[in-house]
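A.B. asks: First the structure, which I've put down as structure tokens, then a few questions once you've had a look.
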Ligand code: IFM
């Protein structure tokens, strides 16, 4: 398979200007269920996303990840593309249902050699190409058998996760650049168990908070398990934090709404991971939903492990206001629409429709949020290296008659966000790298294949890859190790 390349149309000018620090890592990211396909090959068993996507009405167009980008079979060509772009690192995720496909809530089950072998091949291919592999252990594809036993509402899932993490560390730990325990636990907990727009599609607010805690616990237990197997392997976690602002900063109700979103999206993960505690206001806000008795003595110490790095996924800013309960609740929080709110214990919030330019996801664009969040992390986690582990944008790309994909909006988006990273660096944040989401167009969860985030276009009928203008532009940024003047 060869990738199609066309001359970019109008790219922002680059002159020598903004240079990034030596060693700054230029990467791109994907996740297993979104790109691999091969859903039933080499012993893989179903994950919650296989089940969810087969449930009528859950995913746009009835799409599934059965084939996706066929990365499982085409990884060599995809690594060759990465090499051409000059990527220093590739962030992918490991599919748990490939590694221990017979897992049950009470036992991890045998390691599936064929499943491990795929990641062995991928990692070796990357290293051969001079690309550092960064592996996420959990990017949402929970083995279905674990969900059948309660999923993330059950602490045994956290215990099994730590055992699975140890297996991955034992087999791949000598060759990975870094391991990321969880990707965006906010989505796993609240979209999976409260609003139900993600797998497993449950709409039980108390279950979502139990999931929050067991995901935090899973991170802590897995961090310790990885360190035992591969002491030199850096361990990180990736959070999708919100830069949240009240619609009317002078209205105390809006200010309180912003505090509650900050609690449920940011502090309920940051506080236990970085400080070994849950925020008192979140416990109070959710007291009518649960008494948090799933938090056992000693759990917070287990969650609170030293971190080697912290990953931030950032796409768009969040503006919130109080909702008085009348009319239709505005829910432009970018996470799909559901009768059940993901904002557990705080359904009197609403998210006004953004004004101005939005991406194909309906997400507003404001790179300042990324700078603010990087500085916040720098202050809250002093000494912990920071990475942007995802940032990018969906646009309705088409292959033009000249054979190219002229995604100027995406170039503008990434350019603005890289400038924000640079400003954060200048302000003192210790940002070590940037992973663009995504290398390839892929299965965008509840939106199926209808949203394209890739810098490489994928024709889903033929699996042909076409480098978009943004890929050529990003390759140039990498080569220059920076951006032109603003
Ligand atoms: O595609 C997702 C990814 O899996 C997690 N972070 C956000 C991306 C865009 O929605």
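A.B. asks: Enumerate the pairs (first residue in segment 31-54 and at pLDDT 95 or above; second residue anywhere and within 14 Å of the ligand (Cβ to nearest atom) and in a strand (DSSP E or B)) with beta-carbon separation below 6 Å, excluding pairs fewer than 6 apart on the same chain, so at least 6 apart or on different chains.
C.D. replies: Partner pairs satisfying both residue conditions: 31/93; 32/93; 35/440.
A.B. asks: Moving to a separate point now. Suppose we filter segment 177-195 for residues that are away from the ligand (no atom under 16 Å from the Cβ) and surrounded by 23 or more Cβ atoms within 10 Å (Cβ to Cβ); how many remain?
C.D. replies: 4
A.B. asks: Being more than 16 Å from the ligand (Cβ to nearest atom) and more than 18 Å from residue 403 (Cβ to Cβ) is the filter here, so list the residues in segment 440-486 that pass it.
C.D. replies: Across segment 440-486, the qualifying residues are 474, 476, 477, 478, 479, 480, 481, 482, 483, 484, 485, 486.
A.B. asks: Quick check: anything in segment 88-97 closer than 26 Å to residue 408 by Cα, within 16 Å of the ligand (Cβ to nearest atom), at pLDDT 95 or above and out of contact with any strand residue (DSSP E or B) (no Cβ under 7 Å at 6 or more places or on another chain)?
C.D. replies: Scanning segment 88-97 turns up no residue that is closer than 26 Å to residue 408 by Cα, within 16 Å of the ligand (Cβ to nearest atom), at pLDDT 95 or above and out of contact with any strand residue (DSSP E or B) (no Cβ under 7 Å at 6 or more places or on another chain).
A.B. asks: Under the condition of being within 16 Å of the ligand (Cβ to nearest atom) and more than 13 Å from residue 30 (Cβ to Cβ), which residue from segment 130-146 is surrounded by the most Cβ atoms within 10 Å (Cβ to Cβ)?
C.D. replies: Checking each candidate, the answer is 138.
A.B. asks: Related question: Within segment 98-124, can you find the residues that are out of contact with any helix residue (DSSP H, G or I) (no Cβ under 9 Å at 6 or more places or on another chain) and in contact (Cβ under 8 Å) with a residue 12 or more places away in the chain?
C.D. replies: 117, 124
A.B. asks: More than 22 Å from the chain's Cα centre (by Cα), closer than 30 Å to residue 422 by Cα and either surrounded by 20 or more Cβ atoms within 10 Å (Cβ to Cβ) or touching a residue at least 24 places away in the same chain (Cβ under 8 Å) (or both) - does that describe any residue in segment 57-73?
C.D. replies: No.
Matching residues to (1) more than 16 Å from the ligand (Cβ to nearest atom); (2) in a loop (DSSP other than H, G, I, E, B); (3) farther than 30 Å from residue 226 by Cβ:
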position	(1), (2), (3)
297	yes, yes, no
305	yes, yes, no
312	no, no, no
329	yes, yes, yes
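A.B. asks: For segment 436-451, which residues satisfy the criterion of being part of a loop (DSSP other than H, G, I, E, B) and crowded, with 24+ Cβ neighbours inside 10 Å?
C.D. replies: Scanning segment 436-451 gives 438, 439, 441, 442, 443.
A.B. asks: Of the residues 235, 282, 319, which is farther than 27 Å from residue 162 by Cβ, more than 16 Å from the ligand (Cβ to nearest atom) and buried (at least 22 other Cβ atoms within 10 Å of the Cβ)?
C.D. replies: 319
The values are calculated or read from the model by the stated rules, or taken from the named source; none is laboratory data. Quick caveat: nothing in here was measured; it's all calculated off a predicted structure. All Cβ positions, even for glycine, are placed from backbone atoms using ideal geometry, and neighbour counts span all protein chains on display.
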